[in-house]
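Visitor: This is the structure I want to talk about, given as structure tokens.
The values are calculated or read from the model by the stated rules, or taken from the named source; none is laboratory data. Predicted, not measured: the structure shown is a model, and the values here were computed from it. Cβ sites come from the backbone with ideal geometry, for glycine too, and all protein chains shown count toward neighbours.
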Amino acid sequence: MTRDQAFYSALSALNKPAYVPGENKRLYDKDTSPLKNRMARENKIVESLEKAVELSGLQNGMTISFHHHFRDGDHIVNMVVDTLARMGFRDLRLAPSSLSDVHAPLIQHIKNGVISHIETSGCRGALAKAVSQGLMDQPMIFRSHGGRAAAIEEDEIHIDVAFLGASSCDPFGNANGYSREGEEKSMCGSLGYARVDAQYADNVIVLTDNIVGYPNVPFGISQRLVDYIVCVDDVGDASKIMTGATRFSTNPHDLMIAEATSNVIVHSGYFYDGFSLQTGSGGASLSVTRFLREAMIEKNIHASFALGGITGAMVKLLEEGLVSRLLDVQSFDLDAALSLKNNRFHQQIDANYYANPYRRGAAVNQLDVVVLSALEVDTNFNVNVLTGSDGIIRGAVGGHPDTAAGAALAIVVCPLMRGRMPSVRDHVNTIVTPGDTVDVLVTDQGIAVNPKRPEVAERLEKAHLKVTPIEELARRAERITGKPDPLPFGDKIVGVCTYRDGSVLDLIRNIT
Amino acid sequence: MEEKHSEVPRTMKITMPASAGTMESGDIMIEIEPGEQREVEVVLKSSVANEFGKQIVATIRRAVEEFGLEYAVINAVDKGALDCTIRARVAAACQRATASDGFDWGKRA
Amino acid sequence: MLFVPGNNPGMMSDAHIYGSDALMFDLEDSVTLREKDAARLLVYHALKTIHYGECERVVRVNPLSTPFGKLDIEAMVAAGAEVIRLPKTETAQDILDTEAEIERAEQKYGIPVGQTRMMAAVEGALGVVNAYKIASASPRLVAIALGAEDYCANLKTSRSLEGSELQYARGAIVVAARAAGIDCIDTVFSDVNNEEQLVKETRMIKQLGFDGKSVINPRQIKPVHRVFTPTHEEIVKAQRILAASEEAAARGSGVVALDGKMIDRPVVIRAERTLELAYASRAVFEEDEV
């Protein structure tokens, strides 16, 4: 038998076709032009946003999503929805990871029927006020970061088209929240929330003002997840996306609370070499870092990681060697964004990694301590971070319930009163984080410990940190401010606040 | 100086419109002027109108009446002042409006 | 002693949360002439309504030589202020005149006569010359303080960081206070951001013998407390001295010895004072002792 005959007879037993040079269909014709020519011709960049929308097959009634890493400097949501309105779309379901003051123009689109549903983590400014007053027919659905990620993963939110802004993107879709070439116009650091949308959306359109060379690695969003790329003038206003390092507060109330919180942490039983930590991004909850750092240096205690919501304060701890790793789902300031870009031990993580409620390994479950701020706390330790004391939507659920549930010790900080409004009271306007998961409340006039954690109260008392029953704090506030009259809510449900698993925690009614 | 000047006469008359207080957080700006009717009319603008509006108006009215004024119109802009601050500002405005520094320091607050 | 301007309702509502030992509500230099009436009413209402915890409540009134002083004193006594602070005290007669007004007000408003205390602030050369006479002028006087700004102007010099221009005044006031058996309080340090210099100055005046220092910002409270808080070594040493003293008394002996050395009575008294300070500043807790 010749070589060929032997080959073909063995092959018939395998029942597989033979490769015939010149005859078999190639997957594609070999392109022999140099890379730079190739890239210019064949890539995912589409000439306009309208074209990208057409290609995506978006229909009325479908769900579109956005991330909020550009915060109050975001241009993407307004730009895209304006365009969709012009193209005649209607009844769209908006599912951004959160909304900000800058998204007020959505009010008009809602009135015109372009947007009929919104599910988000938060809402602020004029849009929030309008929603509170009853703008929308369907209530706004609020989810935590972990809750949203799980809902997307479980297909409860089915994203048809994700519109994701990026600070830099190469022609095949490797995208980042910073840039390693060209003009870095709009740095945002981590793209943690966007990554979930990119992974699960049917169509992913990346919008960027900075096309860079291939490959844009390390990448925040992999090219494999991106369908189309649109080049725009500005993805956002850099000055409103983020500023330099977040400054520590100089407000004496905040500093008092921060120092007391640091003392609580030190004596809580969760302050040991290798502990893990998450703090808030402003006010007292950020300033805790300043005092805790001194204790860490003094007692030679290092943190194995810090999670967040990462700010320059945490980056400083990383650089000083007081913290070994940073897990970053959202960068809050330029220092954090730069560190994410340059420091290999500052890791970008997505919202599922961060806080998926169904995954035991989620980062929030590895936390010893989390420090969270609050607008209101009630005597059952339920926390409100979503509606103001005037009943109007003005904040975001964020990672609040996720971290409170995951951390061994959840500490909530707020002043006893803000002006004449008591922050510690019998009932909060909206329950966002259930009191079951909140362990300690630190105010500028006393510390309260959830009765479910008597061992923590004991440790604090032993360290001569006075613990006050939370009812007493509420009474103290009321004695000073007087008892507030109940708010004149209406009957229309304008918001539904859900817990991490989708169950309903509270309802928000309309108010003028 | 007279002994009596720290006691309040029965009914007082507003000789000129007056004001006390600032627009700072935690304060209340009180403007008082003579009224046509025999009542204390209070117009309130407050950052906490829904929750404390009724209480604030009542506190202002009571403080004006205790000072001994019966014909008065009060315009108040509140930035979250506590009751004790409201009473102090009303008393100051009343004193200025009646050109007296009378006040019953011995009264139970 | 934390200084609280008398015309700022926002600050007055919770000035006690910062943990200072005393609060000084000011009706004098921090209040403009046009607002003296309003400030008096604000402080009066605050003192009568707000619960200031364990802070001693001091009010700095306007001098009797102004149109405001008399009514200030009457209102503040009626409101129940613990201490009336008199600014720009120059002679013992100033104290006596103020005391007379206080007593009148106490009688008028049914307050036990003698309950209201006084504090004198010396802010000029004449006051320093008369320091002892002032400090011993009245049983109501609990402390004498130095006000450096006006004093330096009076001396026709300026304030410096190391404070050589205040040396004599500081020394005179400490001596006068001790001779009269009352406390002495040092002047404020106005650069809120310079904590290092604040600590340096506080250490220096503590060494001079001052009992305390006035502060103008809550951030200054902790550094000042830390300087006045005895160190761990000082506390342990004081405890041992007192133990030796008690042991000697139990033996019926007047000779106290520790580590082979004789301990004089003044040393024992100093140890008692150290422990008092330690308890007051919560550096040790009585219930923790073995």
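Visitor: Hey, which of the strands (runs of 3 or more DSSP E) in the range A:413-512, taking only ones fully inside, have at least 1 residues that are surrounded by fewer than 19 Cβ atoms within 10 Å (Cβ to Cβ)?
Guide: A:493-498, A:504-509
Visitor: Right, here's the next one. Just for the range C:55-89: of the residues that are outside any strand (DSSP E or B) and in contact with a Gly (Cβ under 9 Å, 6 or more places away or on another chain), which one is nearest to C:Gly110 (Cα to Cα)?
Guide: Step by step, filter the range C:55-89, then rank; the result is C:Ala78.
Visitor: Here are some conditions: (1) surrounded by fewer than 18 Cβ atoms within 10 Å (Cβ to Cβ); (2) part of a helix (DSSP H, G or I); (3) more than 11 Å from chain B (Cβ to nearest Cβ). C:Asp94 meets all but one. Which one does it not meet?
Guide: Every condition holds for C:Asp94 apart from (1).
Visitor: Among the residues of the range C:163-183, how many are farther than 20 Å from C:Val142 by Cβ, touching a residue at least 12 places away in the same chain (Cβ under 8 Å) and assigned to a helix (DSSP H, G or I)?
Guide: 4
Visitor: Could you grab me the full set of residues in the range B:53-76 that are free of Cβ contacts under 8 Å to residues at least 24 places away in the same chain, in contact with a strand residue (DSSP E or B) (Cβ under 8 Å, 6 or more places away or on another chain) and within 14 Å of chain A (Cβ to nearest Cβ)?
Guide: Answer for the range B:53-76, where residues must be free of Cβ contacts under 8 Å to residues at least 24 places away in the same chain, in contact with a strand residue (DSSP E or B) (Cβ under 8 Å, 6 or more places away or on another chain) and within 14 Å of chain A (Cβ to nearest Cβ): B:Gly53, B:Val57.
Visitor: Under 8 Å by Cβ, and 6 or more places apart or on different chains, what pairs join a residue from the range A:259-285 that is on the phi > 0 side of the Ramachandran plot with one that is assigned to a loop (DSSP other than H, G, I, E, B)?
Guide: A:Gly274/A:His302; A:Gly283/A:Ser249; A:Gly283/A:Asn251
Visitor: Take C:Val59 and tell me if it is under 27 Å from C:Gly209 (Cβ atoms) and within 14 Å of another protein chain (Cβ to nearest Cβ).
Guide: yes
Visitor: Here's something else I'd like to know. Touching a Leu at 6+ places or on another chain (Cβ under 6 Å) and surrounded by 22 or more Cβ atoms within 10 Å (Cβ to Cβ): is that true of C:Val77 in this structure?
Guide: Answer is no for this residue.
Visitor: Oh, and also: When the range C:114-129 is examined, which residues are found to be assigned to a loop (DSSP other than H, G, I, E, B) and either surrounded by fewer than 23 Cβ atoms within 10 Å (Cβ to Cβ) or on the phi > 0 side of the Ramachandran plot (or both)?
Guide: Of everything in the range C:114-129, those that are assigned to a loop (DSSP other than H, G, I, E, B) and either surrounded by fewer than 23 Cβ atoms within 10 Å (Cβ to Cβ) or on the phi > 0 side of the Ramachandran plot (or both) turn out to be C:Gly114, C:Gln115, C:Thr116, C:Gly124.
Visitor: Return the residues of the range B:77-90 that are buried (at least 24 other Cβ atoms within 10 Å of the Cβ) and more than 8 Å from every other protein chain (Cβ to nearest Cβ); say none if nothing qualifies.
Guide: Hits for the range B:77-90 are B:Asp78, B:Ile86, B:Val90.
Visitor: Also, quick follow-up: Of the residues that sit in the range A:485-507 and are free of Cβ contacts under 8 Å to residues at least 12 places away in the same chain and more than 14 Å from chain B (Cβ to nearest Cβ), which one is farthest from A:Asp137 (Cα to Cα)?
Guide: The selected residue is A:Ser503.
Visitor: Can you tell me how many residues in the range C:12-35 are surrounded by fewer than 22 Cβ atoms within 10 Å (Cβ to Cβ), more than 8 Å from every other protein chain (Cβ to nearest Cβ) and either in a helix (DSSP H, G or I) or aromatic (Phe, Trp, Tyr) (or both)?
Guide: 4
Visitor: Further question: Mind listing just one residue for me: the one in the range A:346-387 that is assigned to a loop (DSSP other than H, G, I, E, B) and out of contact with any strand residue (DSSP E or B) (no Cβ under 9 Å at 6 or more places or on another chain) and, of those, surrounded by the most Cβ atoms within 10 Å (Cβ to Cβ)?
Guide: Among them, the one singled out is A:Asn356.
Visitor: Also: Taking the residues in the range A:401-439 that are within 14 Å of another protein chain (Cβ to nearest Cβ) and small (Gly, Ala, Ser) as candidates, determine which candidate is nearest to A:Pro252 (Cα to Cα).
Guide: Applying the filter and picking the extreme gives A:Gly419.
Visitor: Still on this model: Name, by its number, the condition in (1) in contact with a Phe, Trp or Tyr (Cβ under 7 Å, 6 or more places away or on another chain); (2) buried (at least 16 other Cβ atoms within 10 Å of the Cβ) that does not hold for C:Ile144.
Guide: Of the numbered conditions (1) in contact with a Phe, Trp or Tyr (Cβ under 7 Å, 6 or more places away or on another chain); (2) buried (at least 16 other Cβ atoms within 10 Å of the Cβ), the odd one out for C:Ile144 is (1).
Visitor: Give the residues of the range A:206-227 that are outside any loop (DSSP other than H, G, I, E, B), surrounded by fewer than 23 Cβ atoms within 10 Å (Cβ to Cβ) and not hydrophobic (A, V, I, L, M, F, W, C), sorted by residue number.
Guide: Scanning the range A:206-227 gives A:Gln223, A:Arg224.
Visitor: Name the residues in the range A:221-254 that are farther than 19 Å from A:Ala284 by Cα and among the acidic types (Asp, Glu), would you?
Guide: A:Asp227, A:Asp233, A:Asp234, A:Asp237 - these are the residues of the range A:221-254 that are farther than 19 Å from A:Ala284 by Cα and among the acidic types (Asp, Glu).
Visitor: Could you pull out the residue among C:Ser245, C:Ser253 that is more than 14 Å from chain A (Cβ to nearest Cβ) and surrounded by 17 or more Cβ atoms within 10 Å (Cβ to Cβ)?
Guide: From the options C:Ser245, C:Ser253, the qualifying one is C:Ser245.
Visitor: Which residues, taken from the range A:248-271, are more than 14 Å from chain C (Cβ to nearest Cβ) and either surrounded by fewer than 22 Cβ atoms within 10 Å (Cβ to Cβ) or not in a loop (DSSP other than H, G, I, E, B) (or both)?
Guide: The answer is A:Thr261, A:Val264, A:Ile265, A:Val266, A:His267, A:Gly269, A:Tyr270, A:Phe271.
Visitor: In the range B:91-109, which residues are more than 9 Å from chain C (Cβ to nearest Cβ) and within 8 Å of the chain's Cα centre (by Cα)?
Guide: Passing the criteria: only B:Cys94.
Visitor: Is at least one residue of the range C:76-83 within 21 Å of the chain's Cα centre (by Cα), of a type in the set (Val, Ile, Thr) and closer than 27 Å to C:Gly212 by Cα?
Guide: yes
Visitor: May I pose another question? Within the group B:Ala76, B:Ala72, which residue is at pLDDT below 95 and hydrophobic (A, V, I, L, M, F, W, C)?
Guide: B:Ala72
Visitor: Quickly run through the range A:128-163 and pick out the residues that are among the aliphatic types (A, V, I, L, M) and either farther than 19 Å from A:Gly113 by Cα or surrounded by fewer than 24 Cβ atoms within 10 Å (Cβ to Cβ) (or both).
Guide: Within the range A:128-163, A:Ala130, A:Leu135, A:Met136, A:Ile141, A:Ala149, A:Ala150, A:Ala151, A:Ile152, A:Ile157, A:Ile159, A:Ala162 meet the criteria.
Visitor: In addition: Determine which single condition A:Asp390 fails, assuming it passes every other condition in (1) within 14 Å of another protein chain (Cβ to nearest Cβ); (2) buried (at least 20 other Cβ atoms within 10 Å of the Cβ).
Guide: (2)
Visitor: Can you pull out every residue in the range B:20-29 that is crowded, with 18+ Cβ neighbours inside 10 Å and either more than 10 Å from chain C (Cβ to nearest Cβ) or without any contact (Cβ under 8 Å) to a residue 12 or more places away in the chain (or both)?
Guide: Across the range B:20-29, the qualifying residues are B:Thr22, B:Met29.
Visitor: Please go through the range C:1-11 and give me each residue that is of a type in the set (A, V, I, L, M, F, W, C) and more than 9 Å from every other protein chain (Cβ to nearest Cβ), ordered by number.
Guide: Across the range C:1-11, the qualifying residues are C:Met1, C:Leu2, C:Phe3, C:Val4.
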